[in-house]
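K.L.:
Below you'll find the structure I mean.
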Amino acid sequence: MSRDSVNASAVHAARWRQVFLLTVGAAALYSALRVLPTGTNLHNSDFAVPGQGQLEYCDPSAPQFIPVTTARSPVVMTLVGDSPAAAGRETLYVLTLKTWNGQDIGPVDLLMSQTRKIHLLVADPSLQDYQHIHPEPGEKNGQWTFAFTPRLGGRYRVYADFTPVVTARSLYAAADLAVAGEPSSAAPALAWDFEQDGYRFELSAASRPIRARQPTDLAFTVKRTDGAPVPMETVMGAYAHLVVFDAALTGFAHVHPQQTDLSRKPDALKPVLTFKLMIPNAGRFVIWSEVNLGGRLVFAPFWFEVSP
């Protein structure tokens, strides 16, 4: 064998040794990172319900409509108030989160999402009273506290939106609470605009009718009725939030603007924010928008139909 052949063989063997060592080193690093403490004692298996029909995880960067009540969530949520709930009266609640196998879910077990650990999306049966609430950690691990003042009577539905550390993907849970008082019997008219306190809110779809299982581009606009600048500020890490419910309250979607660079403020006279959404089923829906206008949170509803 020539000297050149011997040298080439040596170089080739050396490269393979480097590849082997790099592969082994990467595998060892991955294994080491897997066992590093995350602060939580929970594991992926705690969020995997045995059997069929488990609620799917959701990618926090691309949230879509989730049928929470028609699938099995791996998280059990309970609500206990300090007094019976009644329209117009504040009630203090203790919310408890546990995995399907009874493990407490506390602050260390959840990631921060949109500046909060848990988002509660609360709506009455008519979907005319919507509230976005953020519970705080309670005295015991797994307990969270919040205050709630319903405006109407009826059986309210409470959705919890959160992201476990071990999954890094959003999960949801739901519970109902009964509220004494007069429920709303009126069905709001379909509308893509809403006026309140000197502001006009508009939502438009790139194509109508909106069809089930087809992605939809939405544009959300806020204007002052007197033509003055709109004092839009951020709320929970975004310039607006849209929450979508179906008429039967079987699920929801919590979506955020495509404009993620908060250093670039929307146009002051006519701020426009864009969203993407896909709804899996036909029917009647409402989108509640939430914006911060000069330090005041303002909510505006938009009612629409989704075609098959």
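The values are calculated or read from the model by the stated rules, or taken from the named source; none is laboratory data. Keep in mind it's a predicted model, so treat the numbers as computed, not measured. No Cβ is skipped: glycine too gets one built from the backbone with ideal geometry, and neighbour counts run over all protein chains shown.
K.L.:
Restricting attention to the range 214-266, which residues are over 26 Å from ASP197 (Cβ atoms), surrounded by 18 or more Cβ atoms within 10 Å (Cβ to Cβ) and small (Gly, Ala, Ser)? Break it down stepwise before answering.
P.N.:
Taking the range 214-266 and keeping what is over 26 Å from ASP197 (Cβ atoms), we get 214-217, 246-251, 253, 258, 260-261, 263-264.
Those still in the list that are surrounded by 18 or more Cβ atoms within 10 Å (Cβ to Cβ) too: 246, 249-251, 253.
Answer for the range 214-266, where residues must be over 26 Å from ASP197 (Cβ atoms), surrounded by 18 or more Cβ atoms within 10 Å (Cβ to Cβ) and small (Gly, Ala, Ser): GLY251, ALA253.
K.L.:
Any residue at all in the range 214-228 that's modelled with pLDDT of 95 or more and in contact with an Asp or Glu (Cβ under 6 Å, 6 or more places away or on another chain)?
P.N.:
yes
K.L.:
From the list PRO209, PRO150, exactly one residue is in contact (Cβ under 8 Å) with a residue 24 or more places away in the chain, surrounded by 18 or more Cβ atoms within 10 Å (Cβ to Cβ) and either under 19 Å from PHE285 (Cα atoms) or of a type outside the set (Asp, Glu) (or both). Which is it? Don't jump to the end; show me each part of the working.
P.N.:
Working: PRO209 fails: surrounded by 18 or more Cβ atoms within 10 Å (Cβ to Cβ).
After applying the criteria, what remains is PRO150.
K.L.:
Now a separate question. From the list PRO150, PRO183, PRO135, which one is farther than 30 Å from PRO231 by Cβ and either in contact with a strand residue (DSSP E or B) (Cβ under 6 Å, 6 or more places away or on another chain) or modelled with pLDDT of 95 or more (or both)? Even if it seems obvious, please write down each step before you answer.
P.N.:
Values: PRO150 fails: farther than 30 Å from PRO231 by Cβ; PRO135 fails: farther than 30 Å from PRO231 by Cβ.
Exactly one residue qualifies, and that residue is PRO183.
K.L.:
Determine whether the range 167-175 contains at least one residue that is outside any loop (DSSP other than H, G, I, E, B) and either farther than 30 Å from LEU42 by Cβ or of a type in the set (S, T, N, Q) (or both).
P.N.:
In the first step, residues of the range 167-175 are kept if they are outside any loop (DSSP other than H, G, I, E, B); the result is 170-175.
Going one step further and asking which of them are either farther than 30 Å from LEU42 by Cβ or of a type in the set (S, T, N, Q) (or both), we end up with 170.
Yes, the range 167-175 contains a residue that is outside any loop (DSSP other than H, G, I, E, B) and either farther than 30 Å from LEU42 by Cβ or of a type in the set (S, T, N, Q) (or both).
K.L.:
Residue by residue through the range 261-308, note down the ones that are over 12 Å from VAL243 (Cβ atoms), in a strand (DSSP E or B) and β-branched (Val, Ile, Thr).
P.N.:
Those that are over 12 Å from VAL243 (Cβ atoms), in a strand (DSSP E or B) and β-branched (Val, Ile, Thr): VAL272, THR274, VAL291, VAL298, VAL306.
K.L.:
Same structure again: Identify, by number, the condition in (1) touching a strand residue (DSSP E or B) at 6+ places or on another chain (Cβ under 7 Å); (2) under 18 Å from TRP303 (Cβ atoms) that ARG208 doesn't meet.
P.N.:
Unmet for ARG208, out of (1) touching a strand residue (DSSP E or B) at 6+ places or on another chain (Cβ under 7 Å); (2) under 18 Å from TRP303 (Cβ atoms): (1).
K.L.:
Report the residue count in the range 250-281 for those that are within 23 Å of ARG213 (Cβ to Cβ) and either touching a Ser or Thr at 6+ places or on another chain (Cβ under 6 Å) or hydroxyl-bearing (Ser, Thr, Tyr) (or both).
P.N.:
4
K.L.:
Of the conditions (1) part of a loop (DSSP other than H, G, I, E, B); (2) within 20 Å of GLY251 (Cα to Cα), ALA189 satisfies every one except a single condition; which number is it?
P.N.:
With respect to (1) part of a loop (DSSP other than H, G, I, E, B); (2) within 20 Å of GLY251 (Cα to Cα), ALA189 is out only on (2).
K.L.:
Which residues, taken from the range 235-259, are under 11 Å from the mean Cα position of the chain (by Cα) and part of a loop (DSSP other than H, G, I, E, B)? Outline the logic, then answer.
P.N.:
Residues of the range 235-259 that are under 11 Å from the mean Cα position of the chain (by Cα), as a first pass: 241-244, 252-256.
If the condition is that a residue be under 11 Å from the mean Cα position of the chain (by Cα) and part of a loop (DSSP other than H, G, I, E, B), then HIS256 is the only one that fits.
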